[in-house]
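Participant: So that we are looking at the same thing, I have put the structure below in structure tokens.
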Amino acid sequence: EVLGKVMQKVSRVLNERVSQEQGGGLPDDDEPFDLDDPGLPLRPRDNILLRRDSRCIMFDSFALGRQFPEVDIDPRLVFDNPTIEQLSQAILEAPKAQRTRSVESASTKEPGAANSAPFTQLTDVAGAEARCEYHAQEAADLFRRSTDGVQSRLLPACRAQIGDDTFASSRENEGPSHYVELSSFLMDVEPVSIAAYARFLNLTTPTQEELFDWCLLPVDDPRCCHVPLIEGPEGWQVKPGVPPNWPMILVSWWGANAYSLWAHGEDCHSYKSTAKSFLPTEAQWEYAARGPETKQFPWGDEEATPELLNVNWDATAYDSKGNVAAHVAAPLEELPLCGVNTLLGMSPFGLRGMAGNVWQWCRDTYHTNFYMSSEATQPDAWNCEEEEGTLKSERGGSWVGPASLARSSYRR
């Protein structure tokens with residue numbers, strides 16, 4: 001009897017989605033229906049995978065998650081149990097989902113309360129402001145953004161030395177070292193958290209196409225299990241067991257640009273163009289990371305240690321190409337990430353996460369030889385090439401790679 005009720009719910013969810021796409025519908029929610037009705041698109045023993053592509057199954061799993069909020073449902077469950085009968089049995093046998101940890105819980109203060117700043121990013125959609133304003137904080141150069149609660153620091157105008165061709169560890173794309181006149185600019189004190197990004201999605205209601213452009217992956221992508229968000233009864237939320245103050249991961253440049261536009265009161269749906277963006281340029285990012293002096297890391301030229309940044313310290317984890325494959329098999333909640341408010345990767349300006357933990361997107365289109373061009377030495381220089389398919393620049397290294405990738409001048 002219990003299995004029959006679960007099958008009714010699963011069948012209704014899947015058949016309603018298929019019917020809506022075909023312009024049809026099902027009886028009212030309170031009205032039982034015949035699971036074997038030949039008029040249904042999907043019957044109990046039909047193979048769902050023959051009727052639904054990966055993108056549809058991704059959203060089918062979100063819809064099932066809303067119907068069964070006590071169970072952690074992801075697309076893999078559908079792929080492993082490809083009929084309504086099998087899927088219903090799997091849902092019935094699945095362990096109850098662990099509740100998402102609250103922002104106030106001890107888990108969000110990794111590696112300890114004494115090593116973390118207060119978490120200020122907004123996670124609730126209530127009282128959301130569409131207009132972007134910066135409210136002054138106690139420090140004269142510190143402000144808090146009204147749209148998302150992120151703190152930003154005003155960095156002074158300067159003549160910054162960018163790039164590096166002096167250290168043995170430097171690569172060709174980091175030179176030649178050159179000066180750039182930078183106007184004063186605001187730089188976020190920390191990366192955007194998973195919870196803040198979920199709030200952004202709930203406030204902007206992107207289309208399916210935009211979601212895949214921004215932060216979702218095809219089900220057959222091995223990294224799919226590490227997408228940190230799931231759509232629940234109340235919208236997008238952090239997956240159960242994952243600290244909400246972890247940095248948003250697996251977000252594309254488009255997804256980062258969309259967030260930056262929205263956070264500054266602009267149209268997030270214009271995310272594909274660099275014409276308007278609030279992501280830092282490579283020059284701004286590098287200056288923000290290490291300050292006016294040419295140092296290897298935000299803290300100087302001293303050796304990198306676990307007390308200074310979060311990177312992969314296990315040299316045996318890399319294959320012949322320098323990749324780390326083991327992390328793909330690790331459960332999402334066990335990834336060695338630190339909260340965005342953890343005092344690691346600290347820059348001379350008091351910015352957090354400027355070395356290690358997660359890569360950070362820049363506004364520029366990436367080009368290996370950009371520093372050799374005359375554009376690189378222009379005031380407020382950035383590479384504004386905008387050809388379809390061009391790569392974007394990212395900086396700072398991450399928990400996946402070694403400390404050498406977290407050097408302030410490292411480009412990719």
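Participant: Take a quick pass over the chain and tell me how many lysine pairs come in under 23 angstrom between Cα atoms, counting only ones 8 or more apart or on separate chains.
Facilitator: Lysine pairs meeting the criterion: 8.
Participant: Place the peptides 290-303, 365-378 in order of packing, highest mean first, counting for every residue the other Cβ atoms within 10 Å and averaging per peptide.
Facilitator: Working: 290-303: 17.1, 365-378: 15.4.
Result, highest mean first: 290-303, 365-378.
Participant: In Å, the Kirkwood hydrodynamic radius of the stretch 333-412 over pairs of distinct alpha carbons?
Facilitator: When all Cα pairs of the stretch 333-412 are included, the Kirkwood radius is 14.1 Å.
Participant: Mind ordering 79-90, 341-352 by average Cβ neighbours within 10 Å, highest first? Show your work: numbers first, answer last.
Facilitator: Values: 79-90: 18.2, 341-352: 21.2.
So the peptides 79-90, 341-352, ranked by packing, come out 341-352, 79-90.
Participant: Please give the charge dipole size of the chain, origin at the Cα centre, charges +1 on K and R Cβ atoms and -1 on D and E Cβ atoms. Round to the nearest 20 debye.
Facilitator: I would put it at about 560 debye.
Participant: Tell me the per residue accessible area of the chain using a 1.4 Å probe; a whole number in Å² is fine.
Facilitator: 46 Å²
Participant: Report in % the part of the accessible area of the chain that belongs to carbon and sulfur, leaving out ligands and nucleic acids; probe 1.4 Å.
Facilitator: 50 percent
Participant: What Rg and what Dmax come out for the chain when only alpha-carbon atoms are used, in angstroms?
Facilitator: For the chain, the Cα-based Rg and Dmax read 23.5, 74 Å.
Participant: With each pseudo-label sitting 7 Å past Cα toward Cβ, what's the ARG223-SER19 distance in nm, one decimal?
Facilitator: 3.9 nm
The values are calculated or read from the model by the stated rules, or taken from the named source; none is laboratory data. Since we're looking at a predicted model, the values are computed, not measured. Don't worry about glycine lacking a Cβ; one is built from the backbone with ideal geometry, like all the others, and counts go over all protein chains shown. When the accessible area is computed, the model is the full protein with side chains, heavy atoms only, and any ligands, DNA or RNA have been set aside. Shrake-Rupley method; radii C 1.70, N 1.55, O 1.52, S 1.80 Å.
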